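Peer 1: Have a look at the structure that comes next, please.
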Amino acid sequence: MKLIIDDADIEAIRRMAAYYPVDGVTTNPTILSRTGRKPYEVLKEIRDFLGDEQELHVQVTAADAEGMLKDADRIRKELGPQTFVKVPVTREGLKAIRLLSERGVSVTATCIYTRMQAFLAGKAGAVYAAPYVNRIDNLGGDGLQTVRDIHDIYRKNDIPCRVLAASFKNSNQIQELVKYGIGAVTAPPAVIEGLIGNALVDMAVADFARDFEKIAGSGITMAEA
Ligand code: E4P
């Protein structure tokens, strides 16, 4: 399962990449707006940092298919043809997903709240489909079950689309999906940090260090013992 950072703050991205085995970055217009900077200026910095191998997902903002195609052209021109173009699964979006996929563009279908949105986006050729776990929960649905069902729908219908689950508010939601082996999750830095945050682990490590100092001396590690 790929683990992707859902943020456009370059400092946060650098910090996360230094510590965690991450596979790329997703953005959306709201995430970009939080930087307060020009979109392509921010995105180029992110692309330069990620290099060509790691994934970068950037969303179109036009409402109609024709405009989405133009947005996709500009996104790929500025950020490289390997960039994943995120397209919301509206009626116009479905048309754009099919046309872009036919042209060899890697599409991430986004704004997915229902299984049928995901089914149609997969059939239209999307590489990834991004269901919004937390937003589905907030509507009284079951975000995690929706993700598992979409994963199964693709398997059972031989649709070669992977699930890129998005919209997380806590780390436990991610653990449930790791167990299920979906394609990818994207989460904000704080939620990724929560995957490892555990005071008991910190206490155990402190105990080891304290015991070792009894034989090696204060502040001494294996490098100097
Ligand atoms: C993915 O990139 C989605 O746009 C994002 O995860 C949505 O998250 P939110 O529901 O916290 O806005």
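Peer 1: Tally the residues that are in contact with a strand residue (DSSP E or B) (Cβ under 6 Å, 6 or more places away or on another chain) and away from the ligand (no atom under 16 Å from the Cβ), restricting the search to the stretch 81-96. Even if it seems obvious, please write down each step before you answer.
Peer 2: Restricting attention to the stretch 81-96, the residues satisfying the condition of being in contact with a strand residue (DSSP E or B) (Cβ under 6 Å, 6 or more places away or on another chain) are 83-89, 93, 96.
Of the ones still in play, those that are also away from the ligand (no atom under 16 Å from the Cβ) are 96.
Final tally of qualifying residues: 1.
Peer 1: What's the number of the condition Arg162 fails, among (1) within 13 Å of the ligand (Cβ to nearest atom); (2) at pLDDT 95 or above?
Peer 2: (1)
Peer 1: Select, from Ala109, Ala118, the only residue that is within 15 Å of the ligand (Cβ to nearest atom), surrounded by 24 or more Cβ atoms within 10 Å (Cβ to Cβ), among the hydrophobic types (A, V, I, L, M, F, W, C) and assigned to a helix (DSSP H, G or I). So that I can check it myself, show each step before the final result.
Peer 2: Numbers: Ala109 fails: assigned to a helix (DSSP H, G or I).
None of the other options fit; the residue is Ala118.
Peer 1: Would you please name the residue that is surrounded by the most Cβ atoms within 10 Å (Cβ to Cβ), looking only at residues in the stretch 158-173 that are outside any helix (DSSP H, G or I) and not hydrophobic (A, V, I, L, M, F, W, C)?
Peer 2: Going through the stretch 158-173, the residues outside any helix (DSSP H, G or I) turn out to be 158-170.
Within this subset, residues satisfying the condition of being not hydrophobic (A, V, I, L, M, F, W, C) are 158, 160, 162, 167, 169-170.
On the way: Asp158: 6, Pro160: 9, Arg162: 19, Ser167: 23, Lys169: 17, Asn170: 13.
Checked the stretch 158-173; the qualifying residue surrounded by the most Cβ atoms within 10 Å (Cβ to Cβ) is Ser167.
Peer 1: For the stretch 130-157, name all the residues that are part of a loop (DSSP other than H, G, I, E, B) and not polar (S, T, N, Q). Reasoning before the result, please.
Peer 2: First, the residues of the stretch 130-157 that are part of a loop (DSSP other than H, G, I, E, B): 139-142, 157.
Matches in the stretch 130-157: Leu139, Gly140, Gly141, Asp142.
Peer 1: Please identify the pairs in which a residue from the stretch 131-143 that is within 12 Å of Gln173 (Cα to Cα) has its Cβ atom under 6 Å from the Cβ atom of a residue that is within 9 Å of the ligand (Cβ to nearest atom) and part of a helix (DSSP H, G or I), counting only partners at least 6 apart or on another chain.
Peer 2: Pairs found: Gly143/Val133.
Peer 1: Could you tell me which residue of the stretch 45-80 is nearest to Val127 (Cα to Cα), considering only residues that are acidic (Asp, Glu) and within 16 Å of the ligand (Cβ to nearest atom)?
Peer 2: To start, the set of residues in the stretch 45-80 that are acidic (Asp, Glu) comprises 45, 48, 52-53, 55, 64, 66, 71, 73, 78.
Narrowing the set further to residues that are within 16 Å of the ligand (Cβ to nearest atom) leaves 55, 71.
On the way: Glu55: 12, Asp71: 18 Å.
Result: Glu55.
Peer 1: Condition first: touching a residue at least 40 places away in the same chain (Cβ under 8 Å) and either surrounded by fewer than 20 Cβ atoms within 10 Å (Cβ to Cβ) or touching a Gly at 6+ places or on another chain (Cβ under 7 Å) (or both). Now tell me which residues in the stretch 174-187 satisfy that.
Peer 2: Val178, Gly181, Gly183
Peer 1: I need a count of the residues in the stretch 165-196 that are within 12 Å of the ligand (Cβ to nearest atom), closer than 18 Å to Asp142 by Cβ and of a type in the set (S, T, N, Q).
Peer 2: 3
Peer 1: Tell me yes or no: at least one residue of the stretch 17-37 is at positive phi, out of contact with any Gly (no Cβ under 7 Å at 6 or more places or on another chain) and crowded, with 16+ Cβ neighbours inside 10 Å. Quick ask: steps written out before the conclusion?
Peer 2: Applying the first criterion (at positive phi) to the stretch 17-37 yields 24, 36.
Now restrict to residues that are out of contact with any Gly (no Cβ under 7 Å at 6 or more places or on another chain): 24, 36.
Okay, now just the ones that are also crowded, with 16+ Cβ neighbours inside 10 Å, so 24.
Yes, because at least one residue in the stretch 17-37 is at positive phi, out of contact with any Gly (no Cβ under 7 Å at 6 or more places or on another chain) and crowded, with 16+ Cβ neighbours inside 10 Å.
Peer 1: Write out, first by first residue and then by second, each pair whose Cβ atoms fall under 8 Å of each other, whose residues are 6+ apart or on separate chains, and whose first residue, in the stretch 26-44, is within 11 Å of the ligand (Cβ to nearest atom) while the second is part of a helix (DSSP H, G or I) and not small (Gly, Ala, Ser).
Peer 2: Short answer, once both residue conditions are applied: Thr27/Leu43; Thr27/Ile46; Leu32/Pro39; Leu32/Val42; Leu32/Leu43.
Peer 1: Take Asp71 and tell me if it is of a type in the set (Asp, Glu) and under 17 Å from Thr110 (Cβ atoms).
Peer 2: yes
The values are calculated or read from the model by the stated rules, or taken from the named source; none is laboratory data. Since the model is a prediction, treat every value here as computed from it, not as a measurement. Ideal geometry is used to build each Cβ from the backbone, glycine not excepted, and the neighbour counts take in all protein chains shown.
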